[in-house]
Amino acid sequence: MGKNILVADDAAFMRMRLAKLLTESGYSVVGEAENGKVAVEKFEKLKPDLTIVDITMPVMDGIQAIAEIKKVDPDAKIIVCSAMGQQNMVIQAVKAGAKDYVLKPFQPARVLDAVRKQIG
Amino acid sequence: MVKATTEELSISIGIGEMCVSKDKSMVFVAHGLGSCVGICMCDEIIGIGGMAHIMLPNDNGVETSVPVKFADTGIPKLMNELIEEGAKKNRMKVKIAGGANMLNLPGSSGQFDIGSRNVEMTKKILKDLGLNIASSDVGGNCGRTVYFYPSTGRVLVRTIGQQLGEI
Amino acid sequence: MITFSENQKNILGYIVERSMDTSAKALSEMIHREISLESPKLGLISLSNIVNEMGGSDNLVTCICLSFKGDVAGLVSIILSEESAFKLVDILLGNELGVTSELDEMGKSALGEVGNIVVSHFLRTLSTHTWLDLQPSVPMVVMDMAGAILSSLILNVGESPEEILFSETVFSDKSHDIDSKLFLFAAPSVLKKIFEVIEAK
C-alpha cells in the first residue's frame, strides 16, 4: 500500500503537479492544504507518513507550520519544497525540523529522491 | 465606443496633470486610472471645464513641484483656475471617477487601499469647497479610462470588458 | 532627490542584471524553453513618466506581482500581453497552445507560481550580492489596464511618490510565444542601503 503524503502549497497549480507526480509514483496524496494553518490541522487529522510544505504561504508560513507540526508529532517527517533558496531560509527550515529542502522549479527526480529517502 | 472624430481634439491628462478648456471640439482623456482619481468640473452656462488627475490624498508634507498629484492641493487649484476663466462656483458641475483598489497585495507597505483613501479625500475637499458631486463612478477593483468634454461636462467611462458608460 | 554616481549605477546594474538572469533561468527550467533577456534598463523615474512611457496605458495586460519586504521594500512584477499569458498557462498545464482563452483559478495559480519562482530567484541573487534580507509575498495575478495596474503597484511601494528606482527587461522565448516584461520597483532608500552594504564588504 502506498505511503500517505500531505501536500501544503498555496498554489493550486503546485499542489496539482506534486499530487500527480507522487500518485504516479505509487504514493497516496491523502490531503492538500493551501496554507500553513490548514496544513497543521490536516496533519493532526490525517497523520500522514510525510508532509511536503512550501515556505511562502498566506495565514501561516511554512516555517511556522513545520514547528507546529513538530509540536503535534516530534517524529513527523517533513520536506520543504519552495522557491525561497536563501541560505538562512534553508537553515530556518531545518532548525524548525525539516528533513530535506527541494528548490523550485523542481526536477521530478529530485522530489522523488527526497521522498524515498524519508519514507521509502 | 467613443472614437475621436476628425473634429474632436483629444488631450491625454497624465498623473498629476490638469487641463482647462472652452473648446467645443476638445475631449480630455485620463487613460488607465487605477487608484488615481479623475476630477471633472464644468460650468455649462459659459461652456468651460477642466480635469485633474490626482494620485494621492495629500502630500504628507513632502515638497512637491506638482500640486495636482494630490487631492488636497489639486482640487482647489482646478476650481480656482476655472473661476479665473470666468466660471461661477455655484454653477459648477462636478463628476469624479477612479479610485479603484486594483491590488490586494499581502505584506505590502501601510499605504493600503489608496483608491478609497483618494476618493474619501476628494469628497471631503469638494465638500469643504462647497461643491456637490453630480455623479461619480468610483471604487471597485477595475481600471478606468475617463473621457471628459470640458465645454458640456459630459463624462464617459470605459472599463475592460464593459460597454462605455456615461456618468 | 536621490542621485547616484556612474560607478554606483554600474554596480547596481550588474547586480540587477545577474538577478534578472537567474530569474530567466528559473522560468526557462519551469517551462522547458530557452528564455532570453535584454539588458535591463535601470534608473530613477517619476510615477507619471513611467506610466506615460509604458504607452497604451489602457491596454489590457496580465500582471503577476509580488511585493518583498525585509531590509528594503519593493515590488517585482511580470507583465504579459493577454495572448502570452494564455500561452504560458497552456505550456504550464501541458495543453496545446491556444487551448486557454480565459484565466480560471488554475490558470491564475499557475501564473502565480511563475511569479513566485521567478521572483524568489531574483531576490535570492539580489540577496547574495547585497546581503540584504528580502522576503517575497505570495503572488497576485491581475488582468486589467496597464496604467491602472502599474500606477497602483508603484504607489504601494510607499515613501516619496516623486521618484522610484525602476528596472525593466524583456523576457522572451525563441518563438515569441511568451513575450513579457519584468519590472523591479523599489523605494529610493534601497539604493542607500545597497551601497552601504557593498561599501562595507
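Mean partner shielding of peptide B:152-164, defined as the number of other chain Cβ atoms within 10 Å of each residue Cβ, is 1. Each residue of the range B:155-163 was assigned a 3J(HN,Hα) from its phi angle through the Karplus expression (A = 6.51, B = -1.76, C = 1.60, θ = phi - 60°), giving 10, 10, 10, 10, 10, 5, x, 10, 5 Hz with x at Gly and Pro. The C-B contact accounts for roughly 2500 square angstrom of buried accessible surface, both chains included, probe 1.4 angstrom. Heavy-atom surface analysis with a 1.4 Å probe gives chain C a carbon and sulfur content of 49 percent of its accessible area.
Dividing the mean sequence gap of close Cα pairs (under 8 Å, 6+ apart) by how many residues chain A holds gives a relative contact order of 23 percent.
The H on the amide N of B:VAL27, modeled in the peptide plane, is under 5 Å from the matching H of B:LEU9, B:SER10, B:ILE11, each at least 5 residues off or on a different chain.
Measuring spread by the Cα atoms of the range C:6-200 yields a radius of gyration and Dmax of 16.1, 53 Å. Partner shielding of C:124-130 amounts to 2, given as the average count of beta-carbon atoms from other chains within 10 Å of each residue beta-carbon. Counting only other chain Cβ atoms within 10 Å of each residue's Cβ, the peptide A:40-51 averages 0.
The charge dipole of the protein assembly as shown, taken about its Cα centre with unit charges on the Cβ of Lys, Arg, Asp and Glu (plus for the first two, minus for the last two), comes to roughly 820 debye. Considering only B:GLY16, B:ILE114, B:LEU82, the residue lying farthest towards the positive end of the dipole of the range B:10-162 is B:LEU82, judged by Cα position with unit charges set on Cβ. Under a model in which nothing but the beta-carbon of Lys, Arg (+1) and Asp, Glu (-1) is charged, chain B shows a dipole of about 360 debye around its Cα centre. Between the alpha-carbon centres of the range B:133-147 and the range A:92-120 there is a gap of 49 Å.
Accessible area per residue, 1.4 Å probe, Å², for the range C:48-189: what's the number? Accessible area per residue: 31 Å².
Determine the relative contact order of the range C:6-200: mean sequence separation of Cα pairs under 8 Å and six or more apart, normalised by residue count, in whole percent. It rounds to 34 percent for the range C:6-200.
With respect to the cross-link table entries A:LYS117/C:LYS69; B:LYS88/B:LYS124; B:LYS89/B:LYS124, which display a Cα-Cα separation exceeding 28 Å? In this structure, A:LYS117/C:LYS69 lie more than 28 Å apart at Cα. Rounded to the nearest 10 square angstrom, C:HIS129 shows an accessible area of 50 square angstrom against a 1.4 Å probe. Measuring nothing but how far apart in sequence close Cα pairs (under 8 Å, 6+ apart) lie, relative to its length, the range B:10-162 scores a relative contact order of 32 percent. Annotation: C:LEU93 carries an accessible surface of approximately 50 Å², with a 1.4 Å probe and no ligand, DNA or RNA atoms counted.
How much of the DSSP bridge set in the protein assembly as shown is antiparallel, in percent, rounded to the nearest 5?
If we restrict to bridges inside the protein assembly as shown, about 75 percent are antiparallel.
B:LYS22 contributes an accessible area of around 100 Å² to the protein surface, as traced by a 1.4 Å probe with all chains present.
For chain C, the longest principal axis of the Cα atoms and the long axis of helix C:146-155 meet at an angle of about 30 degrees. For the range C:99-113, a decrease in accessible area of 40 Å² or greater in the assembled protein chains relative to the isolated chain, with a 1.4 Å probe, applies to C:MET106, C:SER109, C:GLU113. Under 5 Å between amide hydrogens, built in the peptide plane, is the criterion, and for C:GLY70 it picks out C:GLN135 among residues at least 5 positions away or on other chains. Per residue, the range B:10-162 exposes 40 Å² of accessible surface when a 1.4 Å probe is rolled over the protein heavy atoms with every protein chain present. Here B:LYS22 is the anchor, and the aspartates and glutamates within straight C-alpha reach of less than 18 Å, apart from those fewer than 8 places off in the same chain, are B:GLU7, B:GLU8, B:ASP43, B:GLU44, B:GLU81, B:GLU84, B:GLU85.
In angstrom, the C-alpha Rg and Dmax of the protein assembly as shown are 25.2, 86.
Sorting check: for B:92-103, B:44-55, A:58-69, which peptide has the highest mean count of neighbouring beta carbons within 10 Å, and how do the rest follow?
B:92-103, B:44-55, A:58-69
Using +1 at the C-beta of Lys and Arg and -1 at the C-beta of Asp and Glu, which of A:VAL115, A:PHE43, A:LEU6 has the Cα lying farthest in the positive direction of the dipole of the range A:4-119? Working it through, the farthest residue towards the positive pole turns out to be A:VAL115.
What ranking of C:VAL51, B:VAL66 comes out by heavy-atom accessible area, probe 1.4 Å, highest first? Please report the intermediate quantities before stating the final value.
On the way: C:VAL51 10, B:VAL66 45 Å².
Descending accessible area places them as B:VAL66, C:VAL51.
The alpha carbons of the range B:10-162 give a radius of gyration and a Dmax of 14.6, 50 Å, in that order.
Candidate cross-link partners of C:LYS87 among the aspartates and glutamates, defined by an alpha-carbon separation under 13 Å and a same-chain spacing of 8 or more, comprise C:GLU96, C:GLU102, C:ASP173, C:ASP177, C:ASP179.
The values are calculated or read from the model by the stated rules, or taken from the named source; none is laboratory data. Every value quoted in this text rests on a predicted model; they were computed, and no experiment measured them. Every residue, glycine among them, receives a Cβ derived from its backbone with ideal geometry; neighbour counts consider all protein chains shown. These accessible areas exclude ligands, DNA and RNA; they are computed on the full protein's heavy atoms, side chains included. Shrake-Rupley method; radii C 1.70, N 1.55, O 1.52, S 1.80 Å.
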